[in-house]
Structure formats: structure tokens, C-alpha cells
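The values are calculated or read from the model by the stated rules, or taken from the named source; none is laboratory data. Worth saying up front: this structure is predicted, and the values here are computed from it rather than measured. Glycine gets a Cβ as well: all are built from the backbone with ideal geometry, and neighbour counts include every protein chain shown.
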């Protein structure tokens, strides 16, 4: 971390970049916040630890409007989001200086809490995590505290960067589509009950949307009057369904599966399932596709072949 | 609704202007009947149909939504229905994924010459929706009273 | 002081629910939120903080105000029925109960909000002491005693018993309804728990955070501080903090076309949203910095200015736990503290 | 708020017999925005339109809904009507209560309820309509005709005679098409070449006509009035400016084993060839697949014998880019493949031939020099069987559902000609029906039966079996006498179904012209606009639109020419105003809309904008209204809803959905 900080400072000081987009030390190890640093003094608060989970690529939309280059720290999976934003002209490559930072799987304080620990006073980002709580000390294995998305890691390679710093590790140890398959295997009634229970928790806080690098619309369709769809009321279960289906549809073929939506949901809704279902379908029907892997790739929903499957495939045994 | 009363579904059919709407016209001029439950909305091309329109129909009380366009390869705009095909496959798959009965939505390609197909398609679709019954999984309860 | 064995809690819920609806923390799909009790509900009193506060009980996330019906070209209006039956909110923590009092300042002041007032009138609060406060709790800073919360009935949960103490007339009446299930108890176990809680609270990292400088008179210096420009940056402009907050009370009024008429409803809104208070000319706060600043200025400056110094934060710490960017009111308070203002 | 008038048409009894029009009027009055509603016998009539006009004036209407027949029928009528009375034509919506309602429902209550809902949807839509202004685009005064058969030639001549430039693109080395392969024509029995050749010469000599033979349309962009077309002029390997057409090269060419396309493969041609003697241009091409020089590098005989020095082995394909105001498709037909008709033994016996092959056999310039003989052994046939409807009027997927229209007549012609020239030959025709509607057609057929003694049997042939003695055993059913027939024949002629030339699919795709399931190009209206494609600026001539004989083809060719002339006579065209329109405050500039636009109508530019006080430069989508055809593909790709389609806007369509689901 010190080396990364020093390098960033060097680039800031020699004028290569006008600011650094990274993480600022929080109240504790586990709550670093995304931050812009413009001075050496500010850089004192720069931190990069295993709790730095936030995908910073979306902040580059605003940073691209600023004078000078922004040094941005991207983890391997974040670099896919960056590329996708680049492909959609939402950010300016010339305005970014990318340090591809090493990632060995990111930790989540929620996961630590789910292990039953309460009143956490401090925690380390080591393996195992040493946790000090109001009600006693404990240890949690690194893998157990890792974000769900890191168990289906896209790999340790950055798809775009100017320079690399630190080692990465492919932390995948689970089948990316296992949950999707489990739901596909359910009866319609079970599926409906599952999603009804999950989506009824939704409070329409829009955290999933606002954190999503693919949801980069200046004005979301759910905030505009274009479709009479600007609803904030969760009076009826339909609204959540509409919101999440359309959101998933709008990012279909564009979602890099960065997992930020599920990470930030205050109600713990496994929102990535929607996106991953689309990814699985796209892979099955239109060929393997990873959004953000190639800036020049044609998106699966903005291209076609004359031999594509008919929509009826869904009712004829589903897409497998 | 009393049990004796026959279930009359609300069905929205989006038809592209060049093929399917004309196919529906041909069904009409050939006097090929299909249930009055089907109401047609004319769109220039099937690719004009936004998934939001389909969800909107369900929200407001539709029991089934069918989308008809030119046969792949015959699109008046040459490629519109190819996009439709991918989009709707994705949408239908998602509806299936969240537990909506998958017969409630359908895409059929009906040419201007296929009045018979239009009529049989609609008869078949209405029968399917009647067998599925009222849409309860994808509707806004506020619209149900 | 009464008590009931925790093995019999279901009987207690059933008895309460027999006479009125009962809201309490229920775990569904892995998360605990207030919900209406049913036989098969998974009641969860162990989770300290429900994701959403108990605010919905009195000020639902969305509620109908009235309905317009159309008959030909004639339009008739049917007002929404106000709450008429009593209901019980069980398991509210001290912070949430205080949250309701903050809302009272807004909705019960003239002009009185009838919808809210009816719910407050018919709602019976059975509060629950926080046996195990957590690190993000700082209710003490707002003078709240989580060991003995306010409410119509106050309860304490120990390993074996739920201790029950009616405080108000409403509380006494509810106690009478379930008297058969309750047995008399002494204060000993409760006193012990209270002492233990007090000791834990002292160890909480933010329990004694200083609010010095935050008051109704601080408008000018705080508003123009350059700190906001740094603080807001990571804000995603989502509404998580406002929607989990027990005191945020901003709402929007909208119309829903049911096909047979129009339902006019109100729903929570968030000052973090870009379309909040959007008007024809645009928005009076058109940058996220301004929106971000608004939320904290409102809680710590404008609200006390209008309500005899009462903050509209109760230190529940939900926003601290839930902010996707790890931003929160504590960081704001501390940032200004560092500046010595 | 709109002031809407609703006009419910009885359509005589077409609507009123099934729909309670008064009830529709009454219910329409209840709808928001409606200030006037009335019904009338025939809204499309002059009196009906006057009624609409009077209401527009009297009630200050801002929009109208006509509940009538399909908008495909009379939308234009009512839009013009509105315009005449001072209302923007795009403030008109049609509720289709005839084709979609009264004609398909029997129960009056049910049909009325549905008509009310359809009216409601149209009213909901028109409430959100906005006046649209058609733009203008220029007209290039030049036409392109794709296909150089009789249809294309006639269309080109008519256009050229009116004084407009016209180019013909023909994919084979000569113009002339199918008609040039025919021997005689019915019902007059005049020689096909005698009436076609002068037209070919006229076309070739016309100062306004340019002919590109051995050429294909490669790419089409643009739109009505302003098409840009790339024509690939395939390398002929012969310099047309030098060639004198002497024919020595063809005589001397050592490679003479290539089946002649012109003779339907019944004879051979040389590698350097003109398809037939009267070919225009009379300039040979080298078939590079067959040419020894091209295959082995050795030979070069043609180059040596050509005194004009016209042979050019190095010639390359050439791409010619030209602008046109109108395009006529005249791609004609071919006979279907008979692979799926094994029962007729077409692939097993040389003596089973198609009617088009018989034309070549009967023709003096054909493979048998006009002598009727069996192709297997050259013997004169004594017994000839004609089988009708081979692949036409076919119920299964092997053939075509339609009637090929020309077979009954050409079979009568063939039968008559054979009986006339070879009175000793027995001719039997197996038919399903004999269809002879046309001037002098039935008389012609009756002469074949009555004067020439052709034996017509109503019945389907089940099998043609080649026998060891070289004859063909024909098994058939006589449906009138209800008996099985087994007869020996020396030759069997199949009246093979015709289908659009396969090249039409690619051409239709390039032109974005719609095509039906049989690959016939779709007309804009089957009765009222039969020579126009629904794609503006594209016209149809000849069999590419549907089966037809020569006089019909020529008539349609003339009609298409008139339409083209009508278009080219204009200096400016008004464009469809129902185009995509981006909201600059919502546009992300992400580029996805352009990816799905089939017309390349969307581009991006960086513009300064003021978004509620926020001033910044943004990359924004821009739609070229002249290119946009209004499909709406972009609108769904746009996640923010910035891209909308005028006339079919998101809110309009949602309003229709809502009105229907209410």
C-alpha cells in the first residue's frame, strides 16, 4: 500500500495527473470511502486495503469533465467496467491514468457480522481477520469474510491500465451460475415466492442503480416522465418487479457482473442474480460474452444473427 | 367474478404496421374470427416495442401480451425484428425466471399474407391465456379493483 | 413489573393480535424489518436494528391520501379512511421511539397531518431495551437511554424472560388485555441488565461524540464551509440513508392512474435525489454537494432551530451501517469537529 | 388539453351491422378531451369528409379520431381531409373497428364493447399527439431498373420516353430475360423473339437508357428521391468498346462443354459466349470458371483470333456508384427446383422435361433446332403427356401454395403447336383445373381441345416410371370418370411452378422492401397500390410481384413507369415526419442507438447544452430526418428514453396500453 501511495504521490507531484481517485481511510479498517485527492497533504489519508471494495470506474464520468488527468485505482474486475464506460463514450481515456491495483478478493464487514459477531470495534484485513468486539474477540477466515462476488472472480488480469501495482489473485472457488441454475430448476410457484420475498424488501433507495457503472444514464428512466414510470412508492409489489426487471434489461449485455449492486443493497437482495441470468442466457444463445473485455465488441443486444433462437425457446424448456 | 362467469382475459397485441397489422387486416377482410379479447396496437415495427410497454400492460391488468412482426428476414426496416427477437427472448426469459407463467407472453411472426395464421395464432393465444387464468403475479393491485 | 417466559412469547403475540394488529421485527429473506405478525412469521428480537426503522408504522413509505373516481365526465373524490383501529408496535428500540417523537414535531404541529395523527393516536408502542448495543450506536449523544426506552410499555429481554412494564394509560390497557399471560416480577433482572447496558454504552466508540457547535444558530458558518465540497464527493446520491432513517420525513405526492380513477398518494422522498423538489424551472439544489449538505444541515441545524433545539437525528446508526460509500453523519460531525468549529 | 372529435363510420353495414355505432359515439363522448362525437354512413365519402371538416371548424377541434376501416386503407384519406380543413394531418388517429372488429366478431354486444375500447385507445393516443411537419428532400431525376427482362425493358422505355434518364442492371450478359427463351406466345402464337427483339434494340439505342449487363446491384443506401447505388459491373474479359460482335472467338473457343444457361442446360456453349444470337449487347463474356486460359494459363485462342483486340483477360470487376430517385425491381422468375418431385422422374429420365425446356426444344435456335425429339435418343415421340400444377397449388411444403397462372395457357399452346406440326403425336394433358381467364384465352384453350384434339384429363399424375424400353409409364387418376389410368408416354412435360428469381431476396434486403413468404415482393396495397413497394421510391414490375403473363407484365411495367415518372417529375418530396427524435437533456451519447439504426441516420456531435442551469458540453445523438424511416429500433435501445419516435411516442403507446387494459 505504501508503494502505491508513493507512486500516486509521485505522479501527482510531477504533474502527470491532477488528482488521484482512490480510497480515504475511514473511522475503521473496514470503512474506507472513495475519494479524490488533489494535494500531497490530502494523500496522507490515502489507503488501499482489503476492504476497498468500491468500484471506482463510475466516478470517472465526473472526473472526465475535470481539467487534467485523474489517476484512478482499478482492481481487475473494475477495469471491465471502465472499458464498458469507455465503449459507451461516457468517460475519456485521455483523462484517466489507470493504475491497475492488485486484488486478492475484497472483504465485507457485512460478512463478518453475518458470522454472528456484534459490536465490532476493530478488525484486521489479514487472513484470518482478527476481530475485536464489545462482546469479546474472534477470528474469521479470510474466505468467509470475502464478498460473494469474489468467490466468482473474473480473474487477476486487468483489461485496461497504464501501469500495474501489486499482485492479484484469482479467488474464484464457486460456480458463477450455480444460484441461477438453482432458481431455474424451481417451479414457477417457487421462483415467484423466492423473488416475491426478496423484492418485497426493496425500499427503492436506488443504491443498486446509483452504484452501478452500467446505470450511467444522466437521468434514469425511473426518474423521468418519459414512460410515466417515475414511481417512488413501494405500495405495490409490481413496482419493485418492474424496476428490477427493467434495470436488469437496460444493463443486459452491458453489465460486467461487477457485483456492486448486491454489495450495496441495504436489504441484502441478491440483485446480481438478475444480471447473471441475462449473462447466462446471452452466453448460451448468442455466444460467450463478457462486457468490458473488448471495447470494440458489438453488444449482444445491439447485434443479431439471422439464425438466432426464437423467444419461444423460453417456454420450450427454457434456455440452458 | 363469479365462478360461472367465463373468464374474459385482457390481451394486448402489438402488431407491426407492415406485416402483422396487415395480416390482421387480412384476417378481418377474410372474416377469420378470433376472440374479441384481443386488442391490437399498431407500431411501425416490432422493434418499437419496449419491454416497458409489455410490463406496463401487465401492470394495468393485461392477462397476456403478444407481439407480432414480420418474419425474420422480411422486416420492412430490414433488421428490426432481429433486435426484437433478442430483446424479447431476454425479457421472456427474465419473466420466466421470476416465476411469471411463461405462456403469458408470446412473439409470432405474421406476414401481410398470413391472415389465417394471424387468426389461428390469436385463437391459440387466447386459449392459452384462458387456461392460465387471471394474471396475478405481474400486476399492480391498485388496478385490480 | 411483569414478566413472561420467552417460550410463551408466541402466546403473547397471538393474544395481542387477537384484539389489534401487531407489528414487530420479522425476518424475511434473511433481513429483519417490522412487519405484521402472523402465525408463521419468523419473529426476530435478537437483531438489534431492523434494516428500516419502525417509522413505517406511523408514516408508511407510501400511503394513499384520496382517490378520484371517474364516471363519464364526472369526477368524485373519496378520501382515504384514517386509522381507526388500535395497533401495537412491539420491539421498538429507544432510538426509534424517539424517532417517532421527532416526527411528531413535524406532523402534529399545525397544520396537523391527520393521517399521521390518527396512527399515532391508535398506535401503542411496546419498546424493547437494547440488551447488546453495537458499535454504530450513538443514541446517548442525543440523550436517549437505550436501557430504558420511552414507550407505552417498556420491555427487557433476558435469557429466559421478557420483562414487561406498562408506562402509560395505553400501556396499562394493553397490559390488561394480556394480563392472563403475564406474571408478576421484581426489578432485579432488569436492573442488572440496565447496568450492563450502561457499561457497554460507555465502551461504544461514538456514544459520547460531541455535538458542540451544532445547533440552530450555526447556519451561516456551517452552510458556507468548504468542508462540504470534500465530504460529499463519494456520495452516490442514493436514498439509503434517508430510507433507513427513523426521522427523515420528506415525502412526495404523486398520482397513480388505476384505470378507474386516480389514487393520490404520498411516498417517502429523499433529499439525496436529483429530482427531489423538482419544479418547472428545475431544481433549487442542483448539485449533489448541495443535496448532501441539506441532509445534515437539516438534521443538525435547521431542525433544532425550529424545534427548541431538538436534533432530528437519534443516533440509531443505521446510515452508518448501510451507506454504500461508508459516508455518514458521524464522519460529518467529526470532520467539522476537527476544524474546531 | 386537446379538443377531440370522434367520427364513427358505419361503412354501410360493414361496421354498423355488428357494432352499435351509436353506443360507440355515446361512450366516446365520455372520454377525456372529446368535445364532439358523431357517426355517419360513409366517413370516407365526400359528405363524410365534409362532416369532419364542419366539426373541425365548428368545435375548434385540435385532434380527430376516425373509427372506421384499417388505417392502412384510409389514414391518408382522413389526414388529407384534416389538412384541407386546417388541422395538422398528424392529429388524426384511426380506430380500426372494421377489419379488427366488426368483420371478425358476430356478437353485437361483444363487438361494440371492443369498438369502444379501440376508440378509447385511439382517443388516448390522440390526446398526446403533437402536430408534425413533414420535411423536404430533393429528387434525383434518374431511375434504376433492376432486371432486363420484358418487364424491365418496358419500364425503362416508358420512363425514358417521358424524358428521364434510366439505367437497367441485368445480371446475365444480355437483356431479354425469360421472354427471350420462349418460342411462341399465347394466345396469338406470334414468335416471342420477333416481338421482343425490337424492344431490346429500342432500349439499347435509346439516348436516355444506359444498360449495365453482366452487372449486379451491390449496395443501396439512401431513400426515396435520393438513393445511392453501387453497381458491380462484373469483368467481361472483353472490351465492349472494341468488340465488333463478329463471333469468331466463340467459334474458335476450344472449351465448348459448358451447359448453356439460355438453353436450360439442354445444350452446351463455349467458355466465351453470348447467350443467344440476338443478345444485347452483342458482346461476349468469358466464363472464367470454364475458360482454359483462366484455369490453366494456357490457351489464349480468343485473344489470337480477335481482330479487334477486344479480349482483355486482365479486366477487373468495376464498381459504379450512381444516384437515383426511384428504383424499379423487375427481377422476374425462375422455375422451381424439382428435387422434391421424384415421382415425376425428372432427374432420372431425359425425356421428362419442364415446359420452359420444351420452349427451347421447340425453338429453331434451340438444342434440337426446333425438331420435337426425345432428348434421350433423338427419336420422334408419339405420345406426349403434359402434367399440370407441378409444384403449384400445392398443399404441402414441397411446392407453392399459389397458382403459377401461366401454365394452363402455355400448355394449351404447346399442345396445339405439337398437334399442328406433328398431327400423329398424341397429346394428353393431366390437369386439376383449367384456368383461362383472359382475353381470347378460353377460346384458345377450346381450340386446343376441339380443333386440335388434345386429350384433357382431369386428374393428378401419381407417378412417372421410366421403363426398360425407354418409354415412360404414367400412372394417374381420372377424377371425372373415377378410374385409374396407366399409359405409356414417350415424353412427359411438367408445367413447373414459377417462383421469384432467387436473387430477389438479397435485392429486397438491400432495398428494405418487404417480401412475402413466397419471396414475392409485397405491394404497398394489394388492390390500390399494386406496383409500389411499401418502401417509398421502390416500384415493382413483372413477376417479382406475383405470377403474370406477358401482357400483364407489360401493363404493370408501364404502370410502374408511370409511378416513377410521377415521382421524378417532382423537384422536392415531403418526408415522413414520424421520425426518431432525441431529447438532448436525457441523451447519454452512449452510441447504442446508432448501432441498431438500419439507415445510418444517427450520428453524434458534441454540443453545449443547458440542463436546468448546468451548462456543459455533451456528446449527443442527432437524427437525420431524411434518412430516418421511423422504425423505432433506437428507442428501445436507449435506456434513458431519450430517443423517442414521433407519432408513436413512448407516452402515446403507453396511453394506448392503459386505455386497453383499463
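Summary table
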| quantity | calculated |
| --- | --- |
| Residue, modelled with the lowest pLDDT, within the stretch D:119-135, restricted to residues that are outside the structural domain of residue D:86 (by TED's automatic domain parsing), touching a helix residue (DSSP H, G or I) at 6+ places or on another chain (Cβ under 9 Å) and more than 13 Å from residue D:92 (Cα to Cα) | D:134 |
| Residue C:299 vs. criteria within 17 Å of the chain's Cα centre (by Cα), over 30 Å from residue D:615 (Cβ atoms) and touching a residue at least 24 places away in the same chain (Cβ under 8 Å) | yes |
| Residue count, the stretch D:645-658 (criterion: at the interface with chain A (Cβ under 8 Å from one of its Cβ atoms) and surrounded by fewer than 23 Cβ atoms within 10 Å (Cβ to Cβ)) | 1 |
| Strands (runs of 3 or more DSSP E) within the stretch C:29-114 that include 1 or more residues surrounded by fewer than 17 Cβ atoms within 10 Å (Cβ to Cβ) | C:31-36, C:62-71, C:74-79 |
| Residue check, residue B:126 within 23 Å of residue B:36 (Cβ to Cβ), at pLDDT 95 or above and touching a helix residue (DSSP H, G or I) at 6+ places or on another chain (Cβ under 7 Å) | no |
| Residue among A:202, A:261 that is closer than 29 Å to residue A:107 by Cα, out of contact with any strand residue (DSSP E or B) (no Cβ under 9 Å at 6 or more places or on another chain) and either at the interface with another protein chain (Cβ under 7 Å from one of its Cβ atoms) or at pLDDT 95 or above (or both) | A:261 |
| The one condition in (1) modelled with pLDDT of 95 or more; (2) more than 9 Å from chain D (Cβ to nearest Cβ); (3) surrounded by fewer than 21 Cβ atoms within 10 Å (Cβ to Cβ) that residue B:33 fails to fulfil | (2) |
| Residues being in a helix (DSSP H, G or I) and without any contact (Cβ under 8 Å) to a residue 24 or more places away in the chain - total across the stretch D:174-215 | 5 |
| Among residues of the stretch A:291-311, those that are crowded, with 20+ Cβ neighbours inside 10 Å, over 16 Å from residue A:214 (Cα atoms) and away from chain B (no Cβ under 14 Å), counted | 0 |
| Where residue B:76 falls short, out of the listed (1) within 12 Å of chain A (Cβ to nearest Cβ); (2) closer than 26 Å to residue D:600 by Cα; (3) surrounded by 21 or more Cβ atoms within 10 Å (Cβ to Cβ) | (1) |
| Index of the failed condition, residue B:66 passing every other in (1) more than 7 Å from every other protein chain (Cβ to nearest Cβ); (2) crowded, with 24+ Cβ neighbours inside 10 Å; (3) in contact with a helix residue (DSSP H, G or I) (Cβ under 7 Å, 6 or more places away or on another chain); (4) more than 25 Å from residue A:191 (Cβ to Cβ) | (4) |
| Boolean, residue D:521 is outside the structural domain of residue D:631 (by TED's automatic domain parsing) and buried (at least 21 other Cβ atoms within 10 Å of the Cβ) | yes |
| The listed residue being outside any loop (DSSP other than H, G, I, E, B), at pLDDT 95 or above and either more than 7 Å from every other protein chain (Cβ to nearest Cβ) or out of contact with any strand residue (DSSP E or B) (no Cβ under 7 Å at 6 or more places or on another chain) (or both), out of A:158, A:151 | A:151 |
| Residue match in the stretch D:440-455 (condition: surrounded by fewer than 19 Cβ atoms within 10 Å (Cβ to Cβ), within 37 Å of the chain's Cα centre (by Cα), part of a strand (DSSP E or B) and at pLDDT 95 or above) | yes |
| Selection count where residues are surrounded by fewer than 20 Cβ atoms within 10 Å (Cβ to Cβ) and either touching a strand residue (DSSP E or B) at 6+ places or on another chain (Cβ under 6 Å) or closer than 20 Å to residue D:278 by Cβ (or both), scope the stretch D:189-220 | 18 |
| Top-ranked residue of the stretch D:588-605 - restricted to ones that are closer than 30 Å to residue D:219 by Cβ and away from chain B (no Cβ under 14 Å), ranked as modelled with the lowest pLDDT | D:603 |
| Residue ID - surrounded by the fewest Cβ atoms within 10 Å (Cβ to Cβ), chosen from residues in the stretch D:285-310 that are in contact with a helix residue (DSSP H, G or I) (Cβ under 7 Å, 6 or more places away or on another chain) and assigned to a helix (DSSP H, G or I) | D:305 |
| Candidates B:102, B:135 - the one that is within 12 Å of chain A (Cβ to nearest Cβ), surrounded by fewer than 24 Cβ atoms within 10 Å (Cβ to Cβ) and in contact with a strand residue (DSSP E or B) (Cβ under 8 Å, 6 or more places away or on another chain) | B:135 |
| Residues satisfying the stated conditions in the stretch D:616-643, i.e. facing another protein chain (nearest Cβ under 7 Å) and in contact with a helix residue (DSSP H, G or I) (Cβ under 7 Å, 6 or more places away or on another chain) | D:631, D:632, D:633, D:635, D:636, D:637, D:639, D:640, D:641 |
| Test result for residue D:288, touching a residue at least 40 places away in the same chain (Cβ under 8 Å) and farther than 27 Å from residue D:371 by Cβ | yes |
| Inter-residue pairs, beta-carbon under 7 Å, first closer than 21 Å to residue A:240 by Cβ and more than 13 Å from chain A (Cβ to nearest Cβ) and in the stretch C:40-69, second modelled with pLDDT under 95 and buried (at least 22 other Cβ atoms within 10 Å of the Cβ), 6+ apart | none |
| In the stretch D:2-17, the residues that are assigned to a loop (DSSP other than H, G, I, E, B) and either surrounded by 23 or more Cβ atoms within 10 Å (Cβ to Cβ) or on the phi > 0 side of the Ramachandran plot (or both) | D:11, D:12, D:15 |
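Rundown of residues vs (1) touching a helix residue (DSSP H, G or I) at 6+ places or on another chain (Cβ under 7 Å); (2) farther than 21 Å from residue D:549 by Cα; (3) at pLDDT 95 or above, yes/no style:
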residue	(1), (2), (3)
D:153	yes, no, yes
D:158	yes, no, yes
D:161	no, yes, yes
D:169	no, yes, yes
D:182	yes, no, yes
D:190	no, no, no
D:221	no, yes, no
D:236	no, yes, yes
D:245	no, yes, no
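Conditions tested, residue by residue: (1) buried (at least 19 other Cβ atoms within 10 Å of the Cβ); (2) without any contact (Cβ under 8 Å) to a residue 40 or more places away in the chain; (3) under 27 Å from residue D:254 (Cα atoms); (4) not assigned by TED's automatic domain parsing to the domain that holds residue D:489.
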| site | (1), (2), (3), (4) |
| --- | --- |
| D:323 | no, no, no, yes |
| D:326 | yes, no, no, yes |
| D:340 | no, no, no, no |
| D:347 | no, yes, no, no |
| D:352 | yes, no, no, no |
| D:359 | yes, no, no, no |
| D:365 | no, no, yes, no |
